[in-house]
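Participant: Here it is: the structure, laid out below.
The values are calculated or read from the model by the stated rules, or taken from the named source; none is laboratory data. All values derive from a computational prediction rather than experimental measurement. Counting neighbours? That spans all protein chains shown, and the Cβs are built from the backbone with ideal geometry, glycine included.
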Amino acid sequence: MRVLVIEDDRKVASFIEAGLEQEGYAVDVLHDGSAAGPQVGTVDYDAVVLDLMLPGRSGFQILREIRAEKASLPVLILTAKDSLEDRVTGLDAGADDYMAKPFALAEVSARLRALLRRGAPGQSVLHVADLEMDTIRRTVRRAGSSIDLTPKEYALLEYLMRNSHRPLTRRLIIAHVWDMHFDSISNIVEYHINSLRNKIDRGFDPPLIHTIRGVGYVLTDRDSPLSSI
C-alpha cells in the first residue's frame, strides 16, 4: 500500500514515515501544500495523511481538490487543530477520519488499516487457493503453515493477492509498493518476487506466482495465467 503524508513539520513527517515503512507501507512525504495537487493527481495512492496548517495551500484546500479528483481516496487528517468545531469542519469537508496531535503512531497505523478495509469491504482475509492472508492480524499461512515475511514482502504479497488472477506490470507494482525515491533501474522487484516464491511456493503445489514474459507477474492458481489478460 502506498501512502502520501503531507506534513510541514519535518520531524513529525519523518516519524510517521519511518513508522509506516516499518509496517511495509511505501511512503511519500510532502512538506508544502502547493505540491500536493499535482502529486495526488499523478500518483495512484491508497491513502493520504494530511495536516491542515501547511505553507503554500491549506489542508482544507488540498482536501477539496482530492475530493473533486478522487472521491474515494481515504484521507486521514492529522493536525494540532483539535477543537470540536475543527473536527466537524474537517469531516464535513470530506475527511474520512480526524486525529489531533499529539498522537500515537500505533493509532495512526490502526486508523489507516481501518480506512483501507472500509474501501475494500469483505477483504480483511484474502485467499488464493490454500494461501491465506489476514490483513488485520497481518499473518500469512499456506496449507495451514505459518509463513514469516518481511514488511516489504508482506506489502508486495498483499498487492498481488488483492489483484489475484490479474497480470501486474513492474510499473504497477513499483507504483503501489515502493515510494517516489525508488530507483526504477534496480532489480529490487525481481529480488522480492524471488524471495516470495521461496517462501510461499517452494514445497507447495501448485505454484502461485507466475512470470508473464513481456508483461509482469500474476498470483493465481489457474492453469493458464495468460487467460486473465
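Participant: Kindly indicate whether any position in the stretch 49-68 is part of a strand (DSSP E or B), assigned by TED's automatic domain parsing to the domain that holds Arg10 and closer than 19 Å to Asp97 by Cβ. Write out each step before concluding.
Facilitator: At the first step, the residues of the stretch 49-68 found to be part of a strand (DSSP E or B) are 49-50.
Applying the additional criterion that residues be assigned by TED's automatic domain parsing to the domain that holds Arg10 yields 49-50.
Subset that is closer than 19 Å to Asp97 by Cβ: 49-50.
Yes, the stretch 49-68 contains at least one residue that is part of a strand (DSSP E or B), assigned by TED's automatic domain parsing to the domain that holds Arg10 and closer than 19 Å to Asp97 by Cβ.
Participant: Additional query: Taking only pairs six or more apart or across chains, which ones have beta-carbon atoms under 7 Å, a first residue in the stretch 132-143 that is at positive phi, and a second residue that is not acidic (Asp, Glu)?
Facilitator: Arg138/Tyr154; Ala143/Phe204
Participant: How many residues does the stretch 196-216 hold that are outside any strand (DSSP E or B) and among the aliphatic types (A, V, I, L, M)? Break it down stepwise before answering.
Facilitator: Applying the first criterion (outside any strand (DSSP E or B)) to the stretch 196-216 yields 196-208, 213-215.
Checking which are among the aliphatic types (A, V, I, L, M) leaves us with 196, 200, 208, 215.
The total comes to 4.
Participant: Same structure again: Looking at the stretch 136-146, which of its residues are farther than 19 Å from Glu21 by Cα and surrounded by fewer than 19 Cβ atoms within 10 Å (Cβ to Cβ)?
Facilitator: Matches in the stretch 136-146: Arg141, Ala143, Gly144, Ser145, Ser146.
Participant: Looking only at the stretch 69-92, filter to residues that are of a type in the set (S, T, N, Q) and part of a loop (DSSP other than H, G, I, E, B); which one of those is farthest from the chain's Cα centre (by Cα)?
Facilitator: Let us first name the residues in the stretch 69-92 that are of a type in the set (S, T, N, Q), namely 72, 79, 83, 89.
Filter again for part of a loop (DSSP other than H, G, I, E, B), leaving 72, 83.
Working: Ser72: 14, Ser83: 30 Å.
Among those that are of a type in the set (S, T, N, Q) and part of a loop (DSSP other than H, G, I, E, B), it is Ser83.
Participant: Another question, then. Evaluate the following for Asn187: is it over 19 Å from His127 (Cβ atoms), at pLDDT 95 or above and either of a type in the set (A, V, I, L, M, F, W, C) or not assigned by TED's automatic domain parsing to the domain that holds Ser109 (or both)?
Facilitator: Details: over 19 Å from His127 (Cβ atoms): yes; at pLDDT 95 or above: no; either of a type in the set (A, V, I, L, M, F, W, C) or not assigned by TED's automatic domain parsing to the domain that holds Ser109 (or both): yes.
For Asn187, the condition - over 19 Å from His127 (Cβ atoms), at pLDDT 95 or above and either of a type in the set (A, V, I, L, M, F, W, C) or not assigned by TED's automatic domain parsing to the domain that holds Ser109 (or both) - is not met.
Participant: A follow-up question, please. Does the stretch 127-149 contain at least one residue that is part of a helix (DSSP H, G or I) and either modelled with pLDDT under 90 or in contact with a strand residue (DSSP E or B) (Cβ under 9 Å, 6 or more places away or on another chain) (or both)? Write out each step before concluding.
Facilitator: Pass one, the stretch 127-149, residues part of a helix (DSSP H, G or I): none.
No, the stretch 127-149 contains no residue that is part of a helix (DSSP H, G or I) and either modelled with pLDDT under 90 or in contact with a strand residue (DSSP E or B) (Cβ under 9 Å, 6 or more places away or on another chain) (or both).
Participant: Within the stretch 31-46, is there a residue that is free of Cβ contacts under 8 Å to residues at least 40 places away in the same chain, of a type in the set (Ser, Thr, Tyr) and more than 29 Å from Thr150 (Cβ to Cβ)? So that I can check it myself, show each step before the final result.
Facilitator: Pass one, the stretch 31-46, residues free of Cβ contacts under 8 Å to residues at least 40 places away in the same chain: 31-42.
If we keep only those that are of a type in the set (Ser, Thr, Tyr) too, we end up with 34, 42.
If we keep only those that are more than 29 Å from Thr150 (Cβ to Cβ) as well, we get 34.
Yes.
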